[in-house]
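The values are calculated or read from the model by the stated rules, or taken from the named source; none is laboratory data. Here the structure is a predicted model, which is why all the values come from computation and not from measurement. In this analysis, Cβ positions are derived from the backbone assuming ideal geometry, glycine residues included, and neighbour counts consider all displayed protein chains. We work out accessible area using only protein heavy atoms, side chains counted, and drop any ligands, DNA or RNA first. Shrake-Rupley method; radii C 1.70, N 1.55, O 1.52, S 1.80 Å.
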Amino acid sequence: MNERIDGHTILIGLMAYPIRHSMSPTMHNNAFAKLGLNYAYLAFEITNDNLPQAIDAIRTLDMRGSNISMPNKQKVIPLLDKLDPAAEMVGAVNTIVNDHGTLTGYVTDGTGFMQALKDENLDIIGEKMTLAGGGGAGTAIAIQAAIDGVKEISIFNRHDDLWENAKRNVDIINENTNCKATLHELEDQDDFKNEIQDCAIYCDSTGVGMKPLEDQSLVNDPSWFKKDMIVYDTVYAPRTTKLMNIAQDAGVKHVYNGLSMMLEQGAEAFKLWTNQEMPVEYIRDLLFSEE
Ligand code: NAD
(Lines give C-alpha, C1' and ligand atoms only; values in the text may rest on other atoms or scores of the structure.)
Protein backbone atom coordinates (compact mmCIF):
# COMPACT_ATOMS: atom_id res chain seq x y z
CA MET A 1 0.00 0.00 0.00
CA ASN A 2 2.74 2.49 0.99
CA GLU A 3 4.56 1.87 -2.28
CA ARG A 4 1.37 2.57 -4.21
CA ILE A 5 0.36 5.88 -2.63
CA ASP A 6 1.93 9.02 -4.08
CA GLY A 7 0.96 12.55 -5.02
CA HIS A 8 -1.35 11.35 -7.79
CA THR A 9 -3.36 8.81 -5.79
CA ILE A 10 -7.10 9.17 -6.27
CA LEU A 11 -9.29 8.77 -3.20
CA ILE A 12 -12.52 6.80 -2.97
CA GLY A 13 -14.55 6.75 0.25
CA LEU A 14 -17.04 4.67 2.16
CA MET A 15 -19.42 6.81 4.21
CA ALA A 16 -21.53 5.04 6.82
CA TYR A 17 -21.92 4.39 10.54
CA PRO A 18 -20.93 1.97 11.99
CA ILE A 19 -18.40 1.00 9.31
CA ARG A 20 -15.09 -0.15 10.83
CA HIS A 21 -16.07 -3.83 10.36
CA SER A 22 -16.56 -3.45 6.57
CA MET A 23 -14.77 -5.75 4.11
CA SER A 24 -15.01 -3.14 1.33
CA PRO A 25 -11.69 -1.30 2.00
CA THR A 26 -9.77 -4.60 1.91
CA MET A 27 -11.66 -5.72 -1.20
CA HIS A 28 -11.12 -2.54 -3.23
CA ASN A 29 -7.53 -1.78 -2.12
CA ASN A 30 -6.43 -5.31 -2.99
CA ALA A 31 -8.14 -5.02 -6.37
CA PHE A 32 -6.43 -1.66 -7.06
CA ALA A 33 -3.05 -3.14 -6.10
CA LYS A 34 -3.60 -6.24 -8.26
CA LEU A 35 -4.38 -4.10 -11.32
CA GLY A 36 -1.74 -1.46 -10.52
CA LEU A 37 -4.34 1.31 -10.29
CA ASN A 38 -3.39 4.44 -8.38
CA TYR A 39 -6.48 4.64 -6.17
CA ALA A 40 -6.98 4.31 -2.41
CA TYR A 41 -10.25 3.39 -0.67
CA LEU A 42 -10.88 4.57 2.90
CA ALA A 43 -13.79 4.19 5.32
CA PHE A 44 -15.20 7.28 7.07
CA GLU A 45 -17.63 7.23 9.99
CA ILE A 46 -20.41 9.44 8.62
CA THR A 47 -23.92 9.83 10.07
CA ASN A 48 -26.92 11.75 8.72
CA ASP A 49 -25.65 14.79 10.70
CA ASN A 50 -22.30 15.22 8.94
CA LEU A 51 -23.36 13.73 5.59
CA PRO A 52 -23.78 17.10 3.76
CA GLN A 53 -20.20 18.14 4.64
CA ALA A 54 -18.90 14.69 3.67
CA ILE A 55 -20.60 14.85 0.27
CA ASP A 56 -19.21 18.36 -0.28
CA ALA A 57 -15.77 16.96 0.52
CA ILE A 58 -16.05 14.59 -2.46
CA ARG A 59 -16.10 17.69 -4.69
CA THR A 60 -13.60 19.71 -2.66
CA LEU A 61 -11.01 16.93 -2.49
CA ASP A 62 -11.72 15.83 -6.07
CA MET A 63 -12.39 12.29 -4.88
CA ARG A 64 -13.49 9.89 -7.66
CA GLY A 65 -16.47 8.86 -5.57
CA SER A 66 -17.70 6.91 -2.59
CA ASN A 67 -19.73 4.00 -1.39
CA ILE A 68 -22.64 4.93 0.85
CA SER A 69 -24.16 2.62 3.41
CA MET A 70 -26.52 2.77 6.37
CA PRO A 71 -27.80 5.16 7.65
CA ASN A 72 -27.12 7.35 4.61
CA LYS A 73 -28.46 5.44 1.58
CA GLN A 74 -31.67 7.46 1.29
CA LYS A 75 -30.56 10.72 2.94
CA VAL A 76 -27.80 11.20 0.38
CA ILE A 77 -30.17 11.52 -2.59
CA PRO A 78 -31.01 15.25 -2.31
CA LEU A 79 -27.29 16.04 -1.95
CA LEU A 80 -26.42 14.62 -5.40
CA ASP A 81 -26.62 16.22 -8.86
CA LYS A 82 -27.94 13.21 -10.80
CA LEU A 83 -29.43 9.78 -10.15
CA ASP A 84 -29.15 6.65 -12.25
CA PRO A 85 -32.70 5.50 -13.21
CA ALA A 86 -32.40 2.28 -11.16
CA ALA A 87 -31.30 4.25 -8.07
CA GLU A 88 -34.27 6.55 -8.60
CA MET A 89 -36.66 3.59 -8.71
CA VAL A 90 -35.02 1.90 -5.72
CA GLY A 91 -34.95 5.19 -3.77
CA ALA A 92 -31.45 4.52 -2.44
CA VAL A 93 -27.82 5.04 -3.43
CA ASN A 94 -24.81 2.91 -2.49
CA THR A 95 -22.28 4.33 -4.97
CA ILE A 96 -21.41 7.89 -5.98
CA VAL A 97 -19.32 8.79 -9.03
CA ASN A 98 -17.73 12.24 -9.23
CA ASP A 99 -17.30 13.51 -12.79
CA HIS A 100 -15.46 16.84 -12.44
CA GLY A 101 -17.73 18.02 -9.63
CA THR A 102 -20.97 16.44 -10.87
CA LEU A 103 -22.06 13.69 -8.46
CA THR A 104 -24.19 10.83 -9.80
CA GLY A 105 -25.82 8.26 -7.50
CA TYR A 106 -26.08 4.56 -8.40
CA VAL A 107 -27.27 1.44 -6.62
CA THR A 108 -25.21 -1.65 -7.39
CA ASP A 109 -26.82 -4.26 -5.07
CA GLY A 110 -29.38 -5.26 -7.71
CA THR A 111 -26.95 -5.31 -10.63
CA GLY A 112 -24.55 -7.23 -8.37
CA PHE A 113 -27.24 -9.84 -7.68
CA MET A 114 -28.05 -10.26 -11.38
CA GLN A 115 -24.35 -10.47 -12.27
CA ALA A 116 -23.82 -13.13 -9.57
CA LEU A 117 -26.39 -15.33 -11.35
CA LYS A 118 -24.78 -14.65 -14.76
CA ASP A 119 -21.42 -15.73 -13.29
CA GLU A 120 -23.03 -19.13 -12.67
CA ASN A 121 -24.44 -19.18 -16.23
CA LEU A 122 -27.95 -18.85 -14.84
CA ASP A 123 -30.45 -16.85 -16.90
CA ILE A 124 -33.65 -15.76 -15.15
CA ILE A 125 -34.79 -13.33 -17.86
CA GLY A 126 -38.39 -14.16 -18.80
CA GLU A 127 -38.76 -16.35 -15.69
CA LYS A 128 -40.68 -16.01 -12.45
CA MET A 129 -39.05 -15.05 -9.13
CA THR A 130 -40.44 -15.49 -5.64
CA LEU A 131 -38.77 -13.09 -3.24
CA ALA A 132 -39.01 -12.95 0.55
CA GLY A 133 -38.37 -9.44 1.90
CA GLY A 134 -39.03 -5.93 0.69
CA GLY A 135 -36.36 -4.06 2.66
CA GLY A 136 -33.13 -2.55 1.32
CA ALA A 137 -31.70 -5.65 -0.34
CA GLY A 138 -35.09 -6.95 -1.50
CA THR A 139 -35.93 -3.60 -3.10
CA ALA A 140 -32.69 -3.46 -5.11
CA ILE A 141 -33.04 -7.11 -6.20
CA ALA A 142 -36.70 -6.84 -7.23
CA ILE A 143 -36.32 -3.60 -9.15
CA GLN A 144 -33.16 -4.64 -11.03
CA ALA A 145 -34.65 -8.05 -11.86
CA ALA A 146 -37.75 -6.30 -13.24
CA ILE A 147 -35.66 -3.80 -15.24
CA ASP A 148 -33.57 -6.65 -16.69
CA GLY A 149 -36.62 -8.61 -17.87
CA VAL A 150 -37.72 -11.07 -15.20
CA LYS A 151 -41.33 -11.79 -16.18
CA GLU A 152 -43.03 -12.05 -12.82
CA ILE A 153 -42.06 -11.37 -9.19
CA SER A 154 -44.09 -12.49 -6.18
CA ILE A 155 -42.90 -10.53 -3.15
CA PHE A 156 -43.63 -11.88 0.33
CA ASN A 157 -43.35 -9.67 3.39
CA ARG A 158 -44.63 -10.02 6.93
CA HIS A 159 -46.83 -7.27 8.35
CA ASP A 160 -44.01 -5.22 9.85
CA ASP A 161 -42.79 -1.69 9.19
CA LEU A 162 -41.37 -2.75 5.79
CA TRP A 163 -44.72 -3.95 4.43
CA GLU A 164 -45.44 -0.49 2.98
CA ASN A 165 -42.02 -0.47 1.32
CA ALA A 166 -42.71 -3.85 -0.28
CA LYS A 167 -46.04 -2.42 -1.52
CA ARG A 168 -44.23 0.58 -2.98
CA ASN A 169 -41.80 -1.75 -4.79
CA VAL A 170 -44.67 -3.66 -6.39
CA ASP A 171 -46.30 -0.40 -7.57
CA ILE A 172 -43.04 0.98 -8.97
CA ILE A 173 -42.29 -2.24 -10.87
CA ASN A 174 -45.80 -2.47 -12.34
CA GLU A 175 -45.78 1.22 -13.36
CA ASN A 176 -42.28 1.32 -14.86
CA THR A 177 -41.42 -2.12 -16.26
CA ASN A 178 -43.00 -5.00 -18.20
CA CYS A 179 -42.63 -7.26 -15.17
CA LYS A 180 -45.78 -8.23 -13.26
CA ALA A 181 -45.19 -7.84 -9.51
CA THR A 182 -47.56 -8.93 -6.75
CA LEU A 183 -47.44 -8.51 -2.97
CA HIS A 184 -48.22 -11.44 -0.67
CA GLU A 185 -48.47 -11.93 3.08
CA LEU A 186 -45.68 -14.10 4.47
CA GLU A 187 -48.16 -15.28 7.08
CA ASP A 188 -50.14 -17.12 4.34
CA GLN A 189 -48.08 -20.31 4.23
CA ASP A 190 -50.19 -22.05 1.54
CA ASP A 191 -49.74 -19.11 -0.80
CA PHE A 192 -46.01 -18.97 0.02
CA LYS A 193 -45.58 -22.66 -0.77
CA ASN A 194 -47.54 -22.38 -4.06
CA GLU A 195 -45.52 -19.37 -5.25
CA ILE A 196 -42.21 -21.09 -4.42
CA GLN A 197 -43.29 -24.25 -6.27
CA ASP A 198 -44.25 -22.14 -9.28
CA CYS A 199 -41.01 -20.13 -9.70
CA ALA A 200 -37.60 -20.55 -11.32
CA ILE A 201 -35.78 -18.72 -8.51
CA TYR A 202 -36.57 -18.29 -4.84
CA CYS A 203 -34.57 -15.53 -3.15
CA ASP A 204 -34.59 -14.77 0.57
CA SER A 205 -33.55 -11.18 1.34
CA THR A 206 -34.85 -11.07 4.94
CA GLY A 207 -31.67 -11.84 6.90
CA VAL A 208 -33.42 -14.80 8.59
CA GLY A 209 -30.60 -17.35 8.78
CA MET A 210 -27.97 -14.96 10.10
CA LYS A 211 -27.32 -13.99 13.71
CA PRO A 212 -29.41 -13.89 15.89
CA LEU A 213 -31.69 -16.04 13.68
CA GLU A 214 -29.02 -18.44 12.38
CA ASP A 215 -31.05 -21.52 13.37
CA GLN A 216 -34.13 -20.32 11.44
CA SER A 217 -35.45 -20.47 7.87
CA LEU A 218 -38.66 -19.17 6.33
CA VAL A 219 -38.97 -22.47 4.44
CA ASN A 220 -38.67 -25.60 6.56
CA ASP A 221 -40.03 -28.31 4.27
CA PRO A 222 -37.72 -29.56 1.47
CA SER A 223 -40.78 -30.66 -0.53
CA TRP A 224 -41.50 -26.98 -1.31
CA PHE A 225 -38.47 -26.94 -3.63
CA LYS A 226 -37.91 -28.38 -7.13
CA LYS A 227 -34.52 -29.81 -8.07
CA ASP A 228 -34.06 -27.60 -11.14
CA MET A 229 -34.76 -24.28 -9.43
CA ILE A 230 -32.38 -21.67 -7.98
CA VAL A 231 -32.37 -20.90 -4.25
CA TYR A 232 -30.44 -17.74 -3.31
CA ASP A 233 -29.96 -16.47 0.25
CA THR A 234 -28.57 -12.91 0.55
CA VAL A 235 -26.99 -13.93 3.88
CA TYR A 236 -23.28 -14.83 3.67
CA ALA A 237 -22.43 -15.33 7.35
CA PRO A 238 -22.79 -18.21 8.00
CA ARG A 239 -21.70 -19.43 4.55
CA THR A 240 -24.36 -22.17 4.66
CA THR A 241 -27.67 -21.04 6.12
CA LYS A 242 -30.54 -23.22 7.31
CA LEU A 243 -32.46 -22.34 4.13
CA MET A 244 -29.51 -23.54 2.03
CA ASN A 245 -29.33 -26.80 4.01
CA ILE A 246 -33.03 -27.45 3.41
CA ALA A 247 -32.68 -26.68 -0.31
CA GLN A 248 -29.66 -29.00 -0.52
CA ASP A 249 -31.68 -31.71 1.29
CA ALA A 250 -34.30 -31.30 -1.42
CA GLY A 251 -31.64 -31.90 -4.07
CA VAL A 252 -31.82 -28.36 -5.46
CA LYS A 253 -28.98 -27.94 -7.98
CA HIS A 254 -28.36 -24.23 -7.69
CA VAL A 255 -28.06 -23.08 -4.06
CA TYR A 256 -26.10 -19.92 -3.21
CA ASN A 257 -25.30 -17.61 -0.32
CA GLY A 258 -25.00 -13.81 -0.67
CA LEU A 259 -21.22 -13.74 -1.05
CA SER A 260 -21.42 -13.51 -4.83
CA MET A 261 -23.88 -10.60 -4.63
CA MET A 262 -21.61 -8.83 -2.13
CA LEU A 263 -18.55 -9.28 -4.37
CA GLU A 264 -20.39 -8.30 -7.56
CA GLN A 265 -21.98 -5.17 -6.05
CA GLY A 266 -18.42 -4.13 -5.22
CA ALA A 267 -17.25 -5.05 -8.71
CA GLU A 268 -20.04 -2.94 -10.26
CA ALA A 269 -18.97 0.07 -8.18
CA PHE A 270 -15.29 -0.59 -9.00
CA LYS A 271 -16.13 -0.48 -12.70
CA LEU A 272 -18.09 2.76 -12.36
CA TRP A 273 -15.07 4.45 -10.75
CA THR A 274 -12.22 2.95 -12.77
CA ASN A 275 -13.77 1.68 -16.04
CA GLN A 276 -12.00 -1.61 -15.28
CA GLU A 277 -13.25 -5.05 -14.27
CA MET A 278 -12.54 -5.97 -10.67
CA PRO A 279 -10.53 -9.24 -10.48
CA VAL A 280 -13.45 -10.93 -8.70
CA GLU A 281 -11.99 -14.45 -8.54
CA TYR A 282 -8.71 -13.12 -7.14
CA ILE A 283 -10.59 -11.18 -4.44
CA ARG A 284 -12.83 -14.16 -3.66
CA ASP A 285 -9.78 -16.39 -3.15
CA LEU A 286 -7.92 -13.75 -1.16
CA LEU A 287 -10.71 -12.86 1.24
CA PHE A 288 -13.07 -15.81 1.35
CA SER A 289 -11.05 -18.95 0.61
CA GLU A 290 -11.20 -20.21 4.20
CA GLU A 291 -14.54 -22.00 3.61
P1 NAD B 1 -34.00 -4.45 5.87
O2 NAD B 1 -34.16 -4.29 7.34
O3 NAD B 1 -34.04 -3.26 5.00
O4 NAD B 1 -35.14 -5.48 5.34
C5 NAD B 1 -35.37 -6.69 6.00
C6 NAD B 1 -36.53 -7.43 5.32
O7 NAD B 1 -36.69 -8.70 5.93
C8 NAD B 1 -37.88 -6.74 5.45
O9 NAD B 1 -38.65 -7.02 4.32
C10 NAD B 1 -38.48 -7.41 6.70
O11 NAD B 1 -39.90 -7.39 6.66
C12 NAD B 1 -37.97 -8.82 6.55
N13 NAD B 1 -37.76 -9.53 7.81
C14 NAD B 1 -36.90 -9.17 8.80
N15 NAD B 1 -36.95 -10.09 9.80
C16 NAD B 1 -37.84 -11.03 9.41
C17 NAD B 1 -38.32 -12.23 10.02
N18 NAD B 1 -37.88 -12.64 11.23
N19 NAD B 1 -39.23 -12.96 9.35
C20 NAD B 1 -39.68 -12.56 8.14
N21 NAD B 1 -39.27 -11.43 7.52
C22 NAD B 1 -38.35 -10.68 8.16
O23 NAD B 1 -32.63 -5.24 5.69
P24 NAD B 1 -31.73 -5.35 4.36
O25 NAD B 1 -30.75 -4.24 4.33
O26 NAD B 1 -32.64 -5.55 3.21
O27 NAD B 1 -30.90 -6.67 4.64
C28 NAD B 1 -31.54 -7.95 4.64
C29 NAD B 1 -30.51 -9.07 4.56
O30 NAD B 1 -29.82 -9.01 3.31
C31 NAD B 1 -29.42 -9.04 5.62
O32 NAD B 1 -29.14 -10.34 6.01
C33 NAD B 1 -28.22 -8.47 4.92
O34 NAD B 1 -27.01 -8.94 5.48
C35 NAD B 1 -28.42 -9.03 3.53
N36 NAD B 1 -27.76 -8.23 2.50
C37 NAD B 1 -26.86 -8.86 1.72
C38 NAD B 1 -26.24 -8.17 0.69
C39 NAD B 1 -25.25 -8.89 -0.17
O40 NAD B 1 -24.52 -8.24 -0.91
N41 NAD B 1 -25.20 -10.20 -0.12
C42 NAD B 1 -26.52 -6.82 0.48
C43 NAD B 1 -27.47 -6.20 1.31
C44 NAD B 1 -28.08 -6.93 2.33
| remark: So for R0 = 45 Å, FRET eff. of Asp99-Arg20 from the Cβ-Cβ r, to 0.05, ends up at 0.95
| task | Set the Förster distance to 45 Å, then compute FRET efficiency between Arg168 and Thr9 from the Cβ-Cβ distance, nearest 0.05. | result | 0.65
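Work out how much length Glu277 to Ala237 would gain on full extension: take 0.36 nm times their residue separation and subtract the Cα-Cα distance, in nm to one decimal.
On the way: separation 40, 0.36 × 40 = 14.40 nm, distance 2.56 nm.
Going from the current span to full extension adds 11.8 nm.
Add -39500 (n - 2.57) for each DSSP H run of 4 or more in the chain, then divide by its residues: what number comes out at 222 nm, to the nearest 500 deg cm²/dmol? Intermediate results must be reported in sequence, preceding the final value.
On the way: 10 runs with 108 residues, N = 291.
It comes out at -11000 deg cm²/dmol, rounded to the nearest 500.
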| request: Determine, for each peptide in 145-158, 209-222, 23-36, the mean count of other beta carbons within 10 angstrom over its residues, then list the peptides with the highest first. | output: 145-158, 23-36, 209-222
| task | List the extent of the Cα atoms of the chain along each of their three principal axes, largest first, rounded to whole Å. | result | 61, 41, 34
| task | Sort segment 110-257 into rounded, prolate or oblate with this rule: let a ≥ b ≥ c be the square roots of the eigenvalues of the Cα gyration tensor; rounded if a/c is under 1.5, and if a/c is not under 1.5, prolate when a/b is larger than b/c, oblate otherwise. | result | rounded
| field | Segments 4-12, 195-203, 247-255 sorted - mean Cβ within 10 Å per residue, highest first | value | 195-203, 247-255, 4-12
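Could you please report the charge total around Tyr106, scoring K, R as +1 and D, E as -1 over all other residues with beta-carbon less than 14 angstrom from its beta-carbon? It would help to have the intermediate numbers written out before the result.
Numbers: positive: Arg64, Lys73, Lys82, Lys271; negative: Asp81, Asp84, Glu88, Asp99, Asp109, Glu264, Glu268.
The answer is -3.
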| request: Would you mind computing, in nm to one decimal, how far apart the modelled labels at Leu287 and Thr60 are, each placed 7 Å from Cα along Cα→Cβ? | output: 2.9 nm
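So with the 1.4 Å probe, I'd like the accessible area per residue for the chain, rounded to whole Å².
Accessible area per residue: 46 Å².
Sort 90-97, 102-109 by the packing proxy (mean of other Cβ within 10 Å over each peptide's residues), most packed first. Intermediate values should be presented prior to the final figure.
On the way: 90-97: 24.6, 102-109: 22.8.
So the order, starting with the most tightly packed, is 90-97, 102-109.
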| said: Show me the trypsin sites (Lys or Arg not before Pro) within segment 172-247 that DSSP assigns to loop and that have at most 11 other Cβ atoms within 10 Å of their Cβ. | reply: Lys227
